[in-house]
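The values are calculated or read from the model by the stated rules, or taken from the named source; none is laboratory data. Predicted model only: the values in this text are computed from it and were never measured. Note that we place each Cβ from the backbone using ideal geometry, even for glycine, and neighbour counts take in every protein chain shown.
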């Protein structure tokens, strides 16, 4: 049964187009439309919130990795001793583990890792500097 919005009589059949008491036209219910629009709006807000949260997580991860990289590079010197090399190797492995666990995409992780390795080489404590032969031990 329908209810007339003008005279509030509630004895009108569901298929009626006009009120038999006051003669006014009965408008179809807008409830389904409102429900559908509400669901779409909630889904859109949820999607926007999750995109913002993901962007914030990626930004925080980049900043954390940058700070860690800078602290490792601060240990480097032109001629690192054995203790510094050990610390650098351990810190590099930790850096790579944090990078692998970060929410960054594959390409960005590869780019950051390559940049890290290049910075280590430039500062004189990269793979080549750590594994070159001692001057007196040549073949």
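A few points about this structure:
- Only listed residue being at pLDDT 85 or above and either surrounded by fewer than 12 Cβ atoms within 10 Å (Cβ to Cβ) or touching a strand residue (DSSP E or B) at 6+ places or on another chain (Cβ under 6 Å) (or both), chosen from 37, 72, 112: 37
- Residue match in segment 39-47 (condition: free of Cβ contacts under 8 Å to residues at least 60 places away in the same chain and either more than 22 Å from the chain's Cα centre (by Cα) or under 30 Å from residue 91 (Cα atoms) (or both)): yes
- A single member of 100, 74, 83 is free of Cβ contacts under 8 Å to residues at least 24 places away in the same chain and more than 30 Å from residue 55 (Cα to Cα), and it is 83.
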